[in-house]
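Structure first, then comments.
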Amino acid sequence: PGSVFKVLTMAAALDSGTVTPDTEFLDTGYIEVGGLPIHNWDYGAWGMQTMTGCLQHSLNVCMGWLSKEMGAKTFYSYLQAFNIDRKANIDMAGEALYPLLSSNNPTPFGSGEYAPRWVEAMMGAQSFGQGVAVTPLRMITSISALANDGRIMAPHIQKATIQDGRIRYYTPNIVATPIKAETAR
């Protein structure tokens, strides 16, 4: 998903109390997470930033730092709370699911000899939307929690169905609350 994923990393860091919007971060343009070098999108260093600035300038280095500050257990528990590892269960057939390779799920494709293994470097890349795969629908549904007081709603493409002459409207259904309303705001 790329940089749109950064809002989930920031929401997790804020909600977990790891940072506040005013927490300062000195962006030197480079960080290593698990041995993986991470640079900003422009290979630049943006100097002193608040968390708000980190999002405004879409800083990969800040997101990698946040993932390290939260630690794998917290970072991945929030990604799971945002349902990144689940289908959105839209009212259409054929929705794809991409397993989340994480410290909580190191071999999502089984235990065969070619099964991928999680390493800490993956957390750094995943913090800014690389090394993780999601459908656009999954991403929209997860991010919608930020605009809906922390709640993820069941997505629908239909307003209602008609069966045997009766109209059945879909009612809003909360499927998860990954962050507090205060964090979403």
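The values are calculated or read from the model by the stated rules, or taken from the named source; none is laboratory data. For clarity, every value in this text was computed on a predicted model and none was experimentally measured. Positions of Cβ are generated from backbone atoms using ideal geometry, with glycine treated the same way; all protein chains shown enter the neighbour counts. Side chains included, ligands, DNA and RNA excluded: accessible areas come from the protein's heavy atoms. Shrake-Rupley method; radii C 1.70, N 1.55, O 1.52, S 1.80 Å.
Remarks
- Solvent exposure of the chain as accessible area per residue, Å², 1.4 Å probe: 53
- Extension reserve of the residue 119-residue 4 stretch, reckoned as 0.36 nm per residue once the Cα distance is removed: 39.1 nm
- Around residue 14: net Lys/Arg minus Asp/Glu count, Cβ-Cβ under 10 Å: -1
- Spatial separation of Cα centroids for the range 1-80 and the range 118-185, in angstrom: 21
- Net charge, residue 39 excluded, C-beta distance under 11 Å - Lys, Arg +1, Asp, Glu -1: -3
- Across the range 175-182, rounded Karplus estimates of 3J(HN,Hα) from the backbone phi angles (6.51 cos²θ - 1.76 cosθ + 1.60, θ = phi - 60°) give 9, 6, 10, x, 9, 5, 4, 4 Hz, Gly and Pro being marked x.
- Helix 6-15 vs. the chain, principal-axis angle (Cα, 0 to 90°, nearest 10): 80
- Between residue 175 and 152, 153, 154, the built amide H atoms are under 5 Å apart, and every one of these is 5 or more places off in sequence or on another chain.
- As a length-normalised measure over Cα pairs under 8 Å and 6 or more apart, the relative contact order of the chain settles at 24 percent.
- Across the range 41-56, coupling constants 3J(HN,Hα) worked out from phi with the 6.51/-1.76/1.60 Karplus curve, θ = phi - 60°, read 4, 9, 6, x, 10, 9, x, 5, 9, 8, 5, 4, x, 4, 6, 4 Hz, and Gly and Pro carry x.
- Stokes-Einstein D in µm²/s, Kirkwood radius over Cα pairs - the chain at 37 °C with 0.692 mPa s viscosity: 187
- Listed residues 11, 160, 45, most fluctuating in the chain (Gaussian network, C-alpha, under 10 Å): 160
- Student exercise, the chain dipole from Lys, Arg, Asp, Glu Cβ charges, in Debye to nearest 20: 660
- A simple count of charges around residue 49, restricted to other residues whose Cβ falls under 15 Å of its Cβ and scoring Lys, Arg +1 and Asp, Glu -1, yields -4.
- Solvent exposure ordering (accessible area, 1.4 Å, most first) of 73, 68: 73, 68
- Surface composition of the chain: carbon and sulfur atoms hold 54% of the protein heavy-atom accessible area at a 1.4 Å probe.
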